[in-house]
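No lab work stands behind these numbers, since they all come straight from the coordinates. Bear in mind that the values here come from a model prediction, so they are computed numbers and not experimental data. Please note: Cβ atoms are built from the backbone with ideal geometry, for glycine as well, and neighbour counts cover all protein chains shown.
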Amino acid sequence: MLTAFITVAGILSFQRMPVDAYPDLSPPQVEVITQWPDHAAEEVERLVTLPLELEMNGVPHMVVMRSISLYGLSDVILTFEESTDNYFARQIVFERLAQATLPTGVTPSLAPLFSPSGLVYRYVLESPDRSPQELKTFEDWVIERAYRSVHGVADDSGFGGTVMQYQVLLDPARIYGYHLTIPQVTAALAANNSNAGGGFYSQGGQFYYVRGIGLVRNTDDIGNIVVGANKGVPIRVRDVGDVTIEHAPRLGEFGFQKNDDAVEGVILMLRGEQTQNVLKGVEAKTQELNHQILPPDVKIHPYYDRSELVDLTTETVEANLIRGMVLVLVVLIFFLVSFRAAVIVALTIPLSLLFAFIVLHAHDVAANLLSIGAIDFGIIIDGTVVMIENIYRELALREGQHYKLNEVILAAAKDVDRPIFDSVAVILAGYLPIYALSGAS
């Protein structure tokens, strides 16, 4: 009955327990990312990174803080103790961000809650006739938002292509001729790209809301913005420059196979989620985007999926299980010339694995290549081999004699029970230092 219970419970546990390629060994981390475009690394470090480091100094349960300052970008990474709750760490960092003294217009943000091993899905956008800028627009405004709605997805980061911009190319000669300055033009562009509220008025028992519509919709609207006046004649943006649709300066380029300028997306899994569950939602969203949302000529082509590693984990466990049982059967049949004894020893392997599945599932621990795939079947069957061999030897000595089978088996088991216990205890003692490890460094 105990064997039947372990078998049924182990199979159910394995079917329901999460399976991943490898465990997440990274400690809790919070990453503060701050963008300050057009500024050198020296200014970024002195005016952004250092104030953030000073403000984050002394955060509860923080172990180490590291930072890097690049052109237009500050990145501060805070590592916390292993037992720290991820959301507690993010909350305490978020509270301190408001107290940091930063340049005007600079707003720091927290990176999504994902682990260094959280990359689970990569895809590339394909279209026979659309430009990389158009594909990048689809990625930023449609695809990323769709994938972020999937449960368990922390972020979808797009790479490659160009970011579309509405640009005003001013002519220095014309600006000088109209006695204007660049700050005047910039202020006029900002002031004339917003809607205004005018309250409401009542007429005939109904309320009518007053709105001032000022948001620009195209390049013509930008060109018609008034930036000044000359003897009562308005001076518009188109009078001092040209309005065009171009792209922002590129800092990198992504290539895929024979396409030197492609657009890709990288999906990151939320820390604590299970890979196979997240990938099911991501793959379903990919089908929805390809067949219902995106234009027919734009397709999402996935080229990396961690489910392949998850399948490899399952196949590795199954292969080790089968090979271990076959080797045990062959060796024991060869030495003991007893098929029944070999089967009894071989059954120890699946029963041990099923029991391990029960314990892992009870503690909500994922099965992976480290926890299951590297099982030493020699250690598992060591005690069983010794026990069966001694019983087999005692029965062979009494061949042709009258004896009670149960008494001989119990006596033979009693002869080797202490040595088996001691050997298993020594093996367990060798693994005890693992529990003293504090985490990956």
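The table below lists the values:
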quantity: Between 0 and 90°, nearest 10: helix 86-97 axis offset from the chain longest Cα axis; calculated: 30
quantity: Distance between modelled label sites at ILE245 and THR181, nm, 7 Å Cα→Cβ extension; calculated: 3.4
quantity: Which of ILE420, ALA396, THR107, positive extreme of dipole for the chain (C-beta unit charges); calculated: THR107
quantity: Charge dipole (debye, nearest 20) of the stretch 165-247; +1 at Cβ of Lys and Arg, -1 at Cβ of Asp and Glu; calculated: 260
quantity: Reach of LYS285 by Cα under 30 Å, taken over lysines that are not fewer than 8 positions away in the same chain; calculated: LYS136, LYS258, LYS299
quantity: Approximate spin-label separation ILE213-LEU410, in nm, with each point projected 7 Å along Cα-to-Cβ; calculated: 9.6
quantity: Choice from SER115, SER338, SER13 with maximal GNM fluctuation in the chain (Cα, 10 Å cutoff); calculated: SER338
quantity: Calculated FRET efficiency for the pair GLN91/LEU395, C-beta based, R₀ 51 Å, to 0.05; calculated: 0.15
quantity: Net charge of Cβ neighbours under 10 Å - reference PRO18; Lys, Arg +1; Asp, Glu -1; calculated: -2
quantity: Cβ-based charge dipole, the stretch 165-247, positive-most Cα from GLY212, GLY198, ASN224; calculated: GLY198
quantity: Under 26 Å from the Cα of LYS404 - lysines, other chains or at least 8 residues apart; calculated: LYS414
quantity: Residue with peak Gaussian network fluctuation, the chain [Cα springs, cutoff 10 Å], from HIS179, HIS39, HIS291; calculated: HIS179
quantity: Expected 222 nm ellipticity per residue - DSSP helices of 4 or more, -39500 (n - 2.57), all of the chain, to 500; calculated: -13500 deg cm²/dmol
quantity: Using θ = phi - 60° and Karplus 6.51 cos²θ - 1.76 cosθ + 1.60, couplings along the stretch 140-148 (whole Hz; Gly, Pro as x); calculated: 6, 9, 10, 6, 4, 5, 5, 5, 5
quantity: The stretch 91-149: C-alpha gyration tensor shape, a/c 1.5 cut-off, then a/b vs b/c; calculated: oblate
quantity: Ranked packing of 150-156, 318-324, 77-83, most packed first, by mean Cβ within 10 Å; calculated: 150-156, 77-83, 318-324
quantity: Label-point gap, in nm, between ASN57 and SER157 - each point 7 angstrom along Cα→Cβ; calculated: 2.9
quantity: Distance from the stretch 65-126 to the stretch 225-295 (C-alpha centre basis), Å; calculated: 22
quantity: Simple Cβ-charge dipole of the chain, Lys/Arg +1 and Asp/Glu -1, about Cα centre, in debye nearest 20; calculated: 740
quantity: Least to most buried among SER352, SER131 (fewest other Cβ within 10 Å first); calculated: SER131, SER352
quantity: Taking TYR304, TYR147 and counting other C-beta atoms within 10 Å, the order from fewest to most; calculated: TYR304, TYR147
